[in-house]
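The values are calculated or read from the model by the stated rules, or taken from the named source; none is laboratory data. Please read all numbers here as calculations on a predicted model, not as lab measurements. Glycine also receives a Cβ, built like all others from the backbone with ideal geometry; neighbour counts cover every protein chain displayed.
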Amino acid sequence: MRTKTLVYINVVSLMLTVSGCHRGNQGHIKANLPEAADWRTKRDEGIDFVGNGNAPAWSLDIDFAKQIRFQEATGVLLTVPIPKPQRIGSTAGVLLDARPAADPTTSARRRTRAVKPDRLRVTIEPTVTRDNVLKRDYAYTVRVESGGRRYVGWGAFIKGSERLNGTWTLESFRGQRLHAGQFADKKTPTL
């Protein structure tokens, strides 16, 4: 189970990271990821990715080992098992297309009367999005389709993000190991 979780997290992270490298120059955009107490709590609960939006307000929590939780401003909470991540055509995004699990405690009669969405589609794209309420930029645009409604907002990976901050040194390119002496300034390139 742990291996499957790590594979899902690695696949999604790799797809978003590699896909994001192919975009053209968009200038220097820095994504600010606030360290809030609720994010620490969510990390402790196993949440890997969070998303939010305004007008209407909604929230999204993804645990790549278990489930997706989507909550609308009305308080309606939808929890679905995590589906296999899918790449979105030639774009730089990932699609999670899930159907709610059947509730074995609910009778067929009650199920037909309940208004429940038949699927939850979550798209995560490595495009910087601004939360105008908090005045912050986030690294991912999140789109959610549920119950015939569409929601757009921002998202962030909250596990391990602090380990990615800083300067990265390019060690190899196209399979060839790089050395500082190969460059005019005698320094290995950094990102």
Within the stretch 64-112, the residues that are small (Gly, Ala, Ser) and at pLDDT 85 or above are 65, 73, 75, 93, 98
Hits in the stretch 47-69 (condition: without any contact (Cβ under 8 Å) to a residue 24 or more places away in the chain, surrounded by 15 or more Cβ atoms within 10 Å (Cβ to Cβ) and small (Gly, Ala, Ser))
59
Identify the residue in the stretch 70-105 that is farther than 22 Å from residue 129 by Cα and among the polar types (S, T, N, Q) and, among all such residues, is surrounded by the fewest Cβ atoms within 10 Å (Cβ to Cβ).
105
Restrict the check to the stretch 25-34 and report whether at least one residue is at pLDDT 90 or above, among the small types (Gly, Ala, Ser) and within 17 Å of the chain's Cα centre (by Cα).
no
Among the strands (runs of 3 or more DSSP E) contained in the stretch 113-191, which hold 3 or more residues that are among the small types (Gly, Ala, Ser) and at pLDDT 90 or above?
149-157
A careful count of residues in the stretch 35-60 that are aromatic (Phe, Trp, Tyr) and assigned to a helix (DSSP H, G or I) gives 1
Residues of the stretch 80-100 being part of a strand (DSSP E or B) and free of Cβ contacts under 8 Å to residues at least 24 places away in the same chain, which ones?
81, 86
